[in-house]
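Shown next, in structure tokens, is the structure this report addresses.
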Amino acid sequence: MFIEITPRLSRRKHLEALDYKFVISHRYRRVTSVLTFRKKLDLVCKAGDTRCEFRASWSSASGAVGNLKGVANLSVSTTETTFGEKYPTFHHIFLSIWPSLRMHISDYLGNREAESVDGRWLAIDKVARAGQKFQKPVCVWLTGLSGSGKSTIANLVEKRLFAAGRHTYVLDGDNIRLGLNRDLGFSEADRRENIRRVTEVARLLVDAGLIVIVAFISPYRDGREAARLRFDFGEFVEIFVDAPIEECERRDPKGLYARARRGELVNFTGIDSKYEPPECPDARLDTVAFSAKECADQVLRLLDIAL
């Protein structure tokens, strides 16, 4: 995660109304402006405190804005100012407030929870389920044009993981449209709902302790951004399965591009419906330069799972 922080420290014992600029990427070792805290993140804490009051103003790349305030439990990690006073590190402050902040931002991006429903506490949680399987749950999100190789790579990755005794599940766009999303078409609104639903399914499967591989065109950046926000840090890996449309049309395994060119299919991604490629994915797979097996190997290396 890349965090740019420009604070003005006070000489007083309390850190109050500090002006920050946070640029949050959710992508390790990559700089991209997904969320920007334009105004300020106000903190009130003393040296040695384990709790911190905070207020934050934020805006997203899609233009949504919001405000949030609350109290966070802080890590024991501290940083020392030039005045010799020790305070919780800014990195740990942000990680402490992230769960509340994530849910708040998700509301503005369309994942609004039913206001009259409270979540029910369950004795067996994600950590317990993952521990039973001896694995770290994660959502691997493959995005790209139709014919780019998403489903082929997803199948190869799952076969390797399954053979190694890992607990996995593939959510494939075509299969999901045969059941859960059979009531959806291909308008922009239906496409967004398609991604929202599969995001929630993937989130439940990750909560069950599984390694989930999502193979969906998922054409809109803000839809994928909203999907990432539904997962904890490190649980969402966005992979761009990259092939130029000319190559996808040449492959055309289901004959869909030819039908779209003849006008038999409307709202077809890449022809008369836009695809917004990731600006900074966690990985990019060039399916022209590399075989499907080589791309699957790259995914497994990225996940760093012992097989």
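The values are calculated or read from the model by the stated rules, or taken from the named source; none is laboratory data. Just so it is clear, the model here is predicted, and its values are computed rather than measured. FYI the Cβ positions are ideal-geometry reconstructions off the backbone, even for glycines, and counts take in every protein chain you see.
Observations, loosely collected:
- Residues of the range 270-307 that are at pLDDT 95 or above and hydroxyl-bearing (S, T, Y): Y275, T287, S291.
- Qualifying position, being in contact with a strand residue (DSSP E or B) (Cβ under 8 Å, 6 or more places away or on another chain) and either of a type in the set (D, E) or under 20 Å from Q298 (Cα atoms) (or both), among V198, V214: V214
- Some residue of the range 149-157 being part of a loop (DSSP other than H, G, I, E, B), out of contact with any Gly (no Cβ under 7 Å at 6 or more places or on another chain) and either free of Cβ contacts under 8 Å to residues at least 60 places away in the same chain or over 21 Å from E235 (Cβ atoms) (or both): yes
- Qualifying residue in the range 129-141 (condition: in contact (Cβ under 8 Å) with a residue 12 or more places away in the chain, of a type in the set (A, V, I, L, M) and touching a strand residue (DSSP E or B) at 6+ places or on another chain (Cβ under 7 Å)): yes
- The listed residue being free of Cβ contacts under 8 Å to residues at least 60 places away in the same chain and of a type in the set (V, I, T), out of I195, I213: I195
- Within the range 263-275, residues that are over 19 Å from A243 (Cβ atoms) and in the same structural domain as I195 (by TED's automatic domain parsing) sit with their Cβ atoms under 8 Å from residues that are polar (S, T, N, Q) and surrounded by 14 or more Cβ atoms within 10 Å (Cβ to Cβ), at 6+ positions apart or across chains, in these pairs: N267/S273.
- Of the strands (runs of 3 or more DSSP E) contained entirely in the range 161-246, those carrying at least 3 residues that are in the same structural domain as F290 (by TED's automatic domain parsing) and crowded, with 22+ Cβ neighbours inside 10 Å fall at 211-215, 236-242.
- For the condition closer than 23 Å to L156 by Cβ, among the polar types (S, T, N, Q) and surrounded by fewer than 16 Cβ atoms within 10 Å (Cβ to Cβ), S291 qualifies.
- Where R160 falls short, out of the listed (1) within 22 Å of D232 (Cβ to Cβ); (2) at pLDDT 95 or above: (1)
- The listed residues are G255, G209, G185, and the only one of them that is at pLDDT below 95, farther than 20 Å from G149 by Cα and out of contact with any strand residue (DSSP E or B) (no Cβ under 7 Å at 6 or more places or on another chain) turns out to be G185.
- Test: residue in the range 131-143 that is part of a loop (DSSP other than H, G, I, E, B), out of contact with any Asp or Glu (no Cβ under 8 Å at 6 or more places or on another chain) and within 21 Å of V201 (Cβ to Cβ): yes
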